[in-house]
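Where a number appears in this text, it was derived from the coordinates with a stated rule and is not lab data. Keep in mind the model is a prediction, meaning the values are calculated, not measured. Here Cβ is always computed from backbone atoms with ideal geometry, including for glycine, and neighbour counts include all displayed protein chains.
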Ligand code: GRG
């Protein structure tokens, strides 16, 4: 699945005709990421329909392009100012700030251009339109972008666990939820199935983010492909800084078990989603 996602990402980005822009987009998108969001999308589609097709693969790559844009912009000096991502220099370090901003903008726009083309091709079917609307909302002004705004505003401030959950829900959880919800919709899942998937996405997204908070203090640079300790350097409140490492681990384990139980209770047509949730939960990088 990862190979298919990466090949298709390359194909979609290669339609960009401007050489420097295309190179920076390819550099950022094809660097070794885990491809969690597109895999969740395709697994949800498989869970509903038994398989995925070329349209679903394009949709999944759009989610990854939106995610990569958010990483490029998050790493910029105006935001988290990071030098390393996925074990390589960040896009503004490899190129320059202007190119990184444009590569991020270009990936975001290319995602919507691609999804709207798919919707137009399927104009008699509502499912792709609904899937695109769900992804757009999750990435948008009340989703990931809002989460990032509040996250930046909260640096160095005292916030509560509920505030932190709100940041994680929008900054990280929104795209996870959208991946499973939109994938299940494109796969033709029933309303109840889609609701279950959305709930699972929220749980996996929060668990993933708590794990990220933990890895930032326990992992090595080689393991996570970026400098550990960046949360403390940026004075970010995290599960670890609020609860301490042990309680953060306990919360993470509890939430992971609940997510796994939910994944097991959903009537999936294939095992790929359950296996992927297990992999995400047990991740070491
Ligand atoms: C710039 C609008 C805007 C949003 C930025 C994604 C994000 C929001 C910031 C990245 C910083 C961060 C720690 C976000 C939490 C989500 C997260 C853990 C992102 C990294 O995702 P992975 O681990 O990365 O899936 P790979 O490289 O594997 O794709």
Query raised in the report: Does the range 92-180 classify as rounded, prolate or oblate by the C-alpha gyration tensor (a ≥ b ≥ c root eigenvalues; a/c under 1.5 gives rounded; else a/b over b/c gives prolate, otherwise oblate)?
Result: oblate
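For the range 128-248, rounded, prolate or oblate, judged on the Cα gyration tensor with a ≥ b ≥ c (square roots of eigenvalues), a/c < 1.5 rounded, else prolate if a/b > b/c? Intermediate values should be presented prior to the final figure.
Numbers: a/c = 2.22, a/b = 1.87, b/c = 1.19.
Since a/c reaches 1.5 and a/b is larger than b/c, the shape of the range 128-248 is classed as prolate.
Give me Rg/Rg_expected for the chain, where Rg uses Cα atoms only and Rg_expected = 2.2 N^0.38 Å with N residues. Display every interim value, and only then the final one.
Values: Rg = 18.1 Å, N = 285, 2.2 N^0.38 = 18.8 Å.
In units of the 2.2 N^0.38 Å rule of thumb, it is 0.96.
Fewest to most neighbouring Cβ within 10 Å: what's the order for 122, 193? Don't skip to the answer; put the middle values down first.
Details: 122 14, 193 19.
Result, fewest neighbours first: 122, 193.
Relative contact order, percent, of the range 109-224 when contacts are C-alpha pairs under 8 Å separated by at least 6 residues? Please list the in-between numbers first.
Working: 109 pairs, mean separation 28.2, N = 116.
Once divided by the residue count of the range 109-224, the mean separation gives 24 percent.
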